[in-house]
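Trainee: Have a look at this one before I ask anything.
No value in this document is a laboratory result; all are computed from the given coordinates. Since this is a predicted model, take the numbers as computed values, not measurements. Cβ atoms come from the backbone with ideal geometry, glycine included; neighbour counts cover every protein chain shown.
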Amino acid sequence: MHGIRLNQVTLAATDMAASIMFYETLGLRLIVDAAPRYVRFEFPDPPGGGEPATLSLHHVCEDWRAPEDWPLVYLEVDDVAACLADTGLTPLAPPELKSYAWEEADVLDPAGNRLRLYKAGMARRFPDWRID
């Protein structure tokens, strides 16, 4: 439909240096560096090819606070527990297998943006309740 596709997601950053380090720890590659105002990252190459997604950060004042539950950005990983262990990130609660067959754990970036690390496997695109 009109070639629509996701270009990027932009999140707030109160401490750009800490945020850059956080997202590089997750494995994203810095591709635009206009710090301290703006930076942009590229995700690793997607399985099966195609263009990698990007994530950008835009500086906001230091007293800015992310709303408690939004935005919520889902980052798919091969193994939630291994990702947490490898990156040293502390989840808000232990990883949990949800009723919709996704294993999930939430972390906060330095500005308080909520990121959900998840593993969905086939349930990501082909859950039992898919309608087509």
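Trainee: How big is the dipole moment of the chain about its Cα centre under a simple scheme where the beta carbon of each Lys and Arg is +1, that of each Asp and Glu is -1, and everything else is neutral? Debye, nearest 20, please. Present the calculation step by step, with values, prior to reporting the outcome.
Mentor: Values: 12 positive and 21 negative charges, 72 e Å.
It comes to approximately 340 debye.
Trainee: Which one, C61, F41, A93, projects farthest toward the positive side of the charge dipole computed for the stretch 30-102 from Cβ point charges (K/R +1, D/E -1)?
Mentor: Highest projection toward the positive end goes to C61.
Trainee: Counting other C-beta atoms within 10 Å, which of S99, S19 has the fewest, and how do the rest follow?
Mentor: S99, S19
Trainee: Moving on. Using only the Cα atoms of the stretch 88-132, build the gyration tensor, take square roots of its eigenvalues as a ≥ b ≥ c, and label the shape rounded, prolate or oblate: rounded if a/c is under 1.5, else prolate if a/b is larger than b/c, else oblate.
Mentor: prolate
Trainee: A further question follows. Taking the Cα centre of the stretch 61-123 as origin, sum charge times position over the Cβ atoms of Lys and Arg (+1) and Asp and Glu (-1), and report the length of that vector in debye to the nearest 20.
Mentor: About 140 debye.
Trainee: Net charge near D33, counting Lys/Arg +1 and Asp/Glu -1 over other residues with Cβ under 14 Å of its Cβ?
Mentor: Within the 14 Å Cβ shell, the charges total +1.
Trainee: Provide the FRET efficiency to the nearest 0.05 for the L92-D132 pair, computing r from the beta carbons and using R0 = 41 Å.
Mentor: 0.75
Trainee: A follow-up question, please. Using DSSP loop states and a limit of at most 10 other Cβ atoms within 10 Å to flag GluC sites (Glu not before Pro), what is the longest stretch of the chain containing no flagged site?
Mentor: Result for the longest clean stretch: 69-132.
Trainee: Another question, if that's okay. So what is the relative contact order for the chain, in percent, with contacts set as C-alpha pairs under 8 Å and at least six apart?
Mentor: This gives 23 percent for the chain.
Trainee: Take peptides 27-36, 113-122 and line them up by average Cβ neighbours within 10 Å, highest first, as a rough protection proxy.
Mentor: Numbers: 27-36: 13.3, 113-122: 18.1.
Highest to lowest by the protection proxy: 113-122, 27-36.
Trainee: What is the gain in length, in nm to one decimal, between E51 and Y74 on full extension, counting 0.36 nm per residue of separation less the C-alpha to C-alpha distance?
Mentor: Value of the extension gain: 6.5 nm.
Trainee: Could you please report the charge total around G112, scoring K, R as +1 and D, E as -1 over all other residues with beta-carbon less than 9 angstrom from its beta-carbon?
Mentor: Result for the neighbourhood of G112: 0.
Trainee: Label points 7 Å out from Cα along the Cβ direction at R125 and I31: separation in nm?
Mentor: Calculated label separation equals 2.0 nm.
Trainee: What is the stretch 35-95 by shape, rounded, prolate or oblate, if you read a ≥ b ≥ c off the alpha carbon gyration tensor as root eigenvalues and call it rounded for a/c under 1.5, prolate for a/b larger than b/c, and oblate otherwise?
Mentor: Oblate, because a/c is 1.5 or more while a/b does not exceed b/c.
Trainee: Would you calculate, for the chain, the mean residue ellipticity at 222 nm contributed by helices, counting each DSSP H stretch of 4 or more residues as -39,500 (n - 2.57) and dividing by all residues, to the nearest 500?
Mentor: It lands at -4000 deg cm²/dmol.
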